[in-house]
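Heads up: the structure comes next, in structure tokens.
The values are calculated or read from the model by the stated rules, or taken from the named source; none is laboratory data. What you see is a predicted model, and the numbers here were worked out from it, not measured in a lab. All Cβ positions, glycine included, derive from the backbone under ideal geometry; neighbour counts span all protein chains shown.
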Amino acid sequence: MTDLRKKSLRGVITNVIMVALLIIVIYILSVSLSDNNYRLKLVPIIWHLCIFILLGTSLNLTMGFLGQLTLGHMGFMGIGAYTAALSSLALERAGLFIAKTAPPLQLIGVMLGCSLLGAIVAGIISLLMGIPALRMRGDYLAIVTLGFGLIIENVIANLPFAGGNGLAEGTASANLYQNGLGINSRLQAQYVYFPILLTIICVAFMFMYTTSKYGRAIKAIREDEIAANASGINATYYKILTFTISAFFAGLAGGLYAISTSSLTTGTFTFANSSIWNSTFIVVMVVLGGMGSLTGSIIAAIGMYMLNYEIKNGAWVAAMPQFLQSIFAFPMLIYAFVLTIVIMFKPFGLMGTYEFSLRRLLFRKSERAIGGEAK
Amino acid sequence: MTEFLQQVIIGLRIGSVYALIALGYTMVYGIIRLINFAHGEFIMVGGYTLFFMIPVLMGFGLPAWTSVFAAIIICAAVGVLAELLAYRPVRKKGNRMTALITAIGVSLILQNLAQAIPFIGPNPKAITQDIFQSGRIDLFGVNTNWTSIFTIIIAAFVMVGLQLFIHKTKIGRAMRAVSENKAASTLMGINVNRTIVITFIIGAGLAAVGALMYCAQYRAVMTTMGSMLGLKAFVAAVLGGIGLIPGAMLGGMLIGLIEALVTAYISSSLANALVFVVLILVLLVKPAGIMGRNVGEKV
Amino acid sequence: MSERAIVLKTEKLGMMFGGLKAVNDFNIEILEGELVGLIGPNGSGKTTVFNMLTGLHIPFEGEIYLMGKRITGMKTHKIIEQGIARTFQNIRLFGEMSVLENVKTSFTKDVKYNLFDTMFRTPKYFQIEKDIEDKAMDCLRIVHLDDKAAFQAKSLPYGQQRKLEIARALATDMKLLLLDEPAAGMNPTETSELIACIYDIRKKFNITIFLIEHDMSLVMKICERIQVINFGNTIAHGFPNEIAHNPDVIEAYLGEEAVENA
């Protein structure tokens with residue numbers, strides 16, 4: 001159309017503003033991180049937030065955009081985490097790498113390499129699972145992925161080299177502190193931009209994915225699979241591709257988790273437990289943010305993690321009456337209530353499929369006149 | 001050989017519990033196409049009711065197993081509340097995925113609420129009383145305990161009773177009609193919502209009976225007891241063909257046998273994973289389960 | 001007539017549902033540029049024929065040829081790639097997506113950019129996206145929905161939703177268009193608009209159309225040839241005026257009416 005040049009100019013302006021905002025955020029971050037007090041508090045939060053944002057957005061690809069409920073997302077994160085941890089441990093045992101004394105470039109290389117390896121292994125395993133699982137009807141898939149998650153957990157727990165206790169004990173905990181990838185808090189602070197940049201790149205990729213032909217195809221499959229097939233879309237291919245990409249990013253999140261944690265246990269990657277590290281919490285996050293809204297997932301990830309952080313550490317909780325405190329000792333109870341109430345009143349989440357867009361914010365009137373976007 | 005037969009009896013005992021719980025899943029799924037994730041938690045509710053009621057009823061001089069009637073009432077009440085407060089409102093608004101997420105939410109609420117209630121708490125509680133006659137017996141040369149015998153017999157009675165109820169009574173016919181076609185049932189004068197509520201009552205009641213059998217064998221209750229039990233019972237329902245009552249029975253028995261034999265002869269820590277492997281293999285060959293017919297979507 | 005190519009040909013096509021023969025020995029030859037109608041009472045197996053032609057049902061027996069190529073038992077999306085497009089009796093749009101996006105999805109199979117182009121938004125990506133946007137707008141213009149491009153598909157009125165389905169089908173770049181009751185539920189004004197629209201499409205694209213319809217006036221008006229089926233069996237085929245006077249057809253329809261009135 002004739003407005004094409006106008007549109008691309010607007011794209012450039014939006015991008016410039018976005019980069020400028022990013023620089024400001026990073027500047028504020030670097031100033032606050034130079035303060036020792038803030039650094040101790042902020043650094044672990046940032047690492048965890050990046051992991052949750054990656055988990056939430058990647059699960060939204062399958063749950064929100066593809067419309068397939070999968071309940072074993074944490075299983076893929078587990079694969080990524082264990083692969084990253086074990087591969088870095090192998091490097092260290094071979095005498096090639098010591099996290100404490102490694103030069104910066106080598107450390108970044110190992111962190112990136114091992115996380116990517118974890119992501120690729122998670123992707124391959126999800127591909128092998130997806131081919132049979134995605135042939136099934138929607139609600140069976142939920143159970144099958146839940147089962148897969150349990151199998152992954154079960155198998156990892158039974159791997160002799162992942163635990164040290166092996167088959168007999170049935171629980172694995174690779175103690176990686178000081179002798180693997182699990183870097184200490186000083187290094188975590190030093191390399192805090194690593195997870196931030198990685199997350200930005202990954203989320204950007206997911207945005208690109210969902211706004212391209214791939215996004216159109218999977219949204220069409222979500223709306224009506226038969227009609228999508230009848231529009232010439234190879235539904236099976238796009239389903240498996242999206243499932244694999246989703247697992248890939250979950251694996252990458254697992255890599256980040258392995259870097260930021262001193263030891264791994266399979267209990268972290270299960271369907272439901274008393275902490276927030278479980279598949280259900282990620283499902284709640286996606287539902288709350290809106291199924292089909294990546295920005296919604298990011299906001300929900302930040303909001304829910306901070307809420308949990310406050311419940312765990314906030315002074316205001318300690319000041320509350322005893323019976324409320326005892327409820328707050330079970331955060332999943334609160335999230336379950338929130339989940340049920342949100343879905344009763346807004347079945348597709350608070351933001352639905354609405355994406356927060358800087359571009360629309362800036363050029364609201366003229367965009368609507370051109371009519372390039374829905375709504 | 002006798003050891004193998006012993007394992008088969010154990011398998012049938014576990015399978016009876018799975019089958020009873022699977023019936024609850026399959027009936028609810030058959031009628032509203034919802035995987036009632038909270039069904040596992042109904043078992044937990046039943047278990048705790050038994051835990052609290054057994055001493056009370058025994059104080060009145062009644063046998064311990066009579067507490068199952070209290071459990072049935074409480075479970076049915078919880079089931080009806082879940083349907084009325086959560087499932088029905090969401091069914092009107094959302095799609096099948098949102099209904100499923102609601103069920104997960106209800107399940108988590110029940111489980112975590114139980115943990116947050118001070119006199120229940122997250123720690124397991126032991127049931128010290130005998131629910132059935134204690135001791136072991138020799139059955140055709142196979143040594144087993146009375147609990148297994150009672151469990152299998154009760155399960156068989158309940159299943160026959162349920163089959164008769166579904167096929168011979170008016171309510172049973174209404175349930176079958178609603179599961180075939182909701183709109184047409186309404187036109188035939190069937191109160192669909194009431195039929196759904198009755199289904200929840202029966203399903204939750206069966207979960208309470210399952211809880212009795214579980215408690216008789218393991219003599220302990222805990223807030224997470226329903227999760228894995230419920231999940232495997234659901235697998236049993238899918239394996240047999242979801243929505244089909246004979247399918248749930250067959251699936252339950254199969255899962256019980258697989259679990260008992262894998263535990264005895266391969267590895268106890270792999271039993272859970274293998275149950276899912278079997279499910280996936282069966283669904284690949286028969287997507288609608290062993291007894292299910294493959295019905296495509298209407299175009 | 002004879003020099004025109006045969007677009008669609010079926011041989012002894014049959015379908016069984018649980019021991020019941022839904023379609024039996026269905027044979028048809030459609031020539032390039034023709035507009036052929038398939039009629040029959042309710043439940044006579046018309047939609048089943050369409051479902052077999054588009055791979056939603058695997059035929060129980062018989063063969064289907066498109067432009068001389070055997071397509072029996074192919075997956076739906078493969079058949080669409082070969083050049084058949086269809087609409088549905090009960091509208092199946094992508095409700096949450098915009099009208100424009102609905103049409104754009106049909107180009108997915110032709111879009112030649114990959115994940116790399118998607119990630120880095122290469123010039124190729126923008127060029128292809130612009131191309132398909134233009135083509136999609138062309139398709140919308142034909143059915144007079146170009147001013148509704150940004151609307152959510154499910155917000156359209158019923159008649160326009162049917163037209164959008166046609167636009168989406170057109171966008172797959174097909175040789176044969178299958179329309180499953182395009183006028184169902186439309187009022188007379190909407191129906192006459194639809195007829196104009198179908199004429200337009202034939203003029204612009206020179207495509208072959210095979211349609212199922214209950215509205216006899218529409219069928220008699222626009223179809224060049226008609227095939228009638230009842231209980232899965234072909235009971236008549238020929239030109240509209242022949243069909244209108246065929247005693248078997250009259251009996252099939254009147255019989256149905258008699259049953260309905262009873």
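Some observations on this one:
Here's the yes/no breakdown for (1) more than 13 Å from C:Leu38 (Cβ to Cβ); (2) of a type in the set (Asp, Glu):
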residue: C:Met137; (1), (2): yes, no
residue: C:Asp180; (1), (2): no, yes
residue: C:Ser192; (1), (2): yes, no
residue: C:Phe205; (1), (2): yes, no
residue: C:Ala236; (1), (2): no, no
residue: C:Ile243; (1), (2): no, no
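- C:Lys154 meets each of the listed conditions (1) more than 8 Å from chain A (Cβ to nearest Cβ); (2) in contact with a helix residue (DSSP H, G or I) (Cβ under 6 Å, 6 or more places away or on another chain); (3) of a type in the set (Lys, Arg) apart from (2).
- Every residue from the stretch C:107-147 that is under 28 Å from C:Ser192 (Cβ atoms), without any contact (Cβ under 8 Å) to a residue 40 or more places away in the chain and not charged (D, E, K, R): C:Ala136, C:Met137, C:Cys139
- Among the residues of the stretch A:201-239, the ones that are of a type in the set (Val, Ile, Thr) and either facing chain C (nearest Cβ under 7 Å) or closer than 17 Å to C:Ala153 by Cα (or both) come to 4 in all.
- Hey, B:Ile198 farther than 30 Å from B:Ala114 by Cβ and in contact (Cβ under 8 Å) with a residue 24 or more places away in the chain or not: no
- Qualifying position, being surrounded by fewer than 24 Cβ atoms within 10 Å (Cβ to Cβ), modelled with pLDDT of 75 or more, within 14 Å of chain B (Cβ to nearest Cβ) and over 18 Å from the mean Cα position of the chain (by Cα), among A:Ile327, A:Ile341, A:Ile276: A:Ile341
- Conditions (1) crowded, with 18+ Cβ neighbours inside 10 Å; (2) in contact with a helix residue (DSSP H, G or I) (Cβ under 7 Å, 6 or more places away or on another chain); (3) farther than 14 Å from C:Arg168 by Cβ; (4) of a type outside the set (A, V, I, L, M); number of the one not met by C:Lys112: (1)
- Some residue of the stretch C:59-66 being under 30 Å from C:Pro157 (Cβ atoms) and either assigned by TED's automatic domain parsing to the domain that holds C:Leu218 or more than 18 Å from the chain's Cα centre (by Cα) (or both): no
- Residue tally, condition surrounded by fewer than 18 Cβ atoms within 10 Å (Cβ to Cβ), within 21 Å of B:Ala38 (Cα to Cα) and within 14 Å of another protein chain (Cβ to nearest Cβ), over the stretch B:114-145: 4
- Residues that are among the charged types (D, E, K, R) and under 17 Å from the mean Cα position of the chain (by Cα), drawn from the stretch C:76-105: C:Lys78, C:Glu81, C:Arg86, C:Arg92
- On inspection, C:Ala85 qualifies as surrounded by 21 or more Cβ atoms within 10 Å (Cβ to Cβ) and of a type in the set (Gly, Ala, Ser).
- C:Pro182 satisfies every condition listed in (1) in a helix (DSSP H, G or I); (2) within 25 Å of A:Ala228 (Cβ to Cβ) except (1).
- On the stretch given as the stretch C:159-210, residues that are more than 14 Å from chain A (Cβ to nearest Cβ) and hydrophobic (A, V, I, L, M, F, W, C) total 13.
- Qualifying position, being modelled with pLDDT of 90 or more and assigned to a loop (DSSP other than H, G, I, E, B), among C:Leu93, C:Leu100: C:Leu93
- Of everything listed in (1) closer than 21 Å to C:Lys46 by Cα; (2) in the same structural domain as C:Ala5 (by TED's automatic domain parsing); (3) of a type outside the set (Val, Ile, Thr), the single unmet condition for C:Lys78 is (1).
- You will find that of A:Thr266, A:Thr242, the residue that is touching a residue at least 40 places away in the same chain (Cβ under 8 Å), crowded, with 21+ Cβ neighbours inside 10 Å and within 14 Å of chain C (Cβ to nearest Cβ) is A:Thr242 and no other.
- The condition (being crowded, with 21+ Cβ neighbours inside 10 Å and under 27 Å from B:Leu139 (Cβ atoms)) is satisfied by just one residue among B:Gly11, B:Gly47, B:Gly40, B:Gly24: B:Gly11.
- Exclusive hit being among the hydrophobic types (A, V, I, L, M, F, W, C), facing chain A (nearest Cβ under 10 Å), in contact with a helix residue (DSSP H, G or I) (Cβ under 8 Å, 6 or more places away or on another chain) and more than 21 Å from B:Val178 (Cα to Cα), set B:Ile266, B:Ile280, B:Ile258, B:Ile242: B:Ile280
- Residue match in the stretch C:39-53 (condition: in a strand (DSSP E or B) and outside the structural domain of C:Ala153 (by TED's automatic domain parsing)): yes
- When residues of the stretch C:203-219 are limited to those that are at pLDDT below 85 and part of a helix (DSSP H, G or I), the one surrounded by the fewest Cβ atoms within 10 Å (Cβ to Cβ): C:Lys203
- Test: residue in the stretch A:195-203 that is more than 17 Å from the chain's Cα centre (by Cα), of a type outside the set (D, E, K, R) and surrounded by fewer than 24 Cβ atoms within 10 Å (Cβ to Cβ): no
- Hits in the stretch B:1-45 - residues which are aromatic (Phe, Trp, Tyr) and more than 22 Å from B:Ile242 (Cα to Cα): B:Phe4
- Between B:Val160, B:Val235, the distinction of being surrounded by 16 or more Cβ atoms within 10 Å (Cβ to Cβ) and not basic (Lys, Arg) belongs to B:Val235 only.
- Selected residue (criterion: surrounded by the most Cβ atoms within 10 Å (Cβ to Cβ)) from residues of the stretch C:49-78 that are touching a residue at least 60 places away in the same chain (Cβ under 8 Å) and at negative phi: C:Val49
- Enumerated helices (runs of 4 or more DSSP H) restricted to the stretch B:45-123, each holding at least 1 residues that are hydroxyl-bearing (Ser, Thr, Tyr) and within 30 Å of B:Ser134 (Cα to Cα): B:67-82
- Any hit, the stretch B:151-174, residues being among the hydrophobic types (A, V, I, L, M, F, W, C), under 30 Å from A:Met344 (Cα atoms) and more than 14 Å from chain A (Cβ to nearest Cβ): yes
- Members of the stretch A:79-95 found to be exposed (fewer than 12 other Cβ atoms within 10 Å of the Cβ) and on the phi < 0 side of the Ramachandran plot, listed by number: A:Arg93, A:Ala94
Here is a yes/no grid of residues against (1) polar (S, T, N, Q); (2) in a helix (DSSP H, G or I):
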residue: A:Phe207; (1), (2): no, yes
residue: A:Thr210; (1), (2): yes, yes
residue: A:Ile218; (1), (2): no, yes
residue: A:Ile221; (1), (2): no, yes
residue: A:Ile226; (1), (2): no, yes
residue: A:Gly232; (1), (2): no, no
residue: A:Ile240; (1), (2): no, yes
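- Check on A:Tyr335, of a type outside the set (Gly, Ala, Ser), surrounded by 16 or more Cβ atoms within 10 Å (Cβ to Cβ) and more than 30 Å from B:Lys92 (Cα to Cα): no
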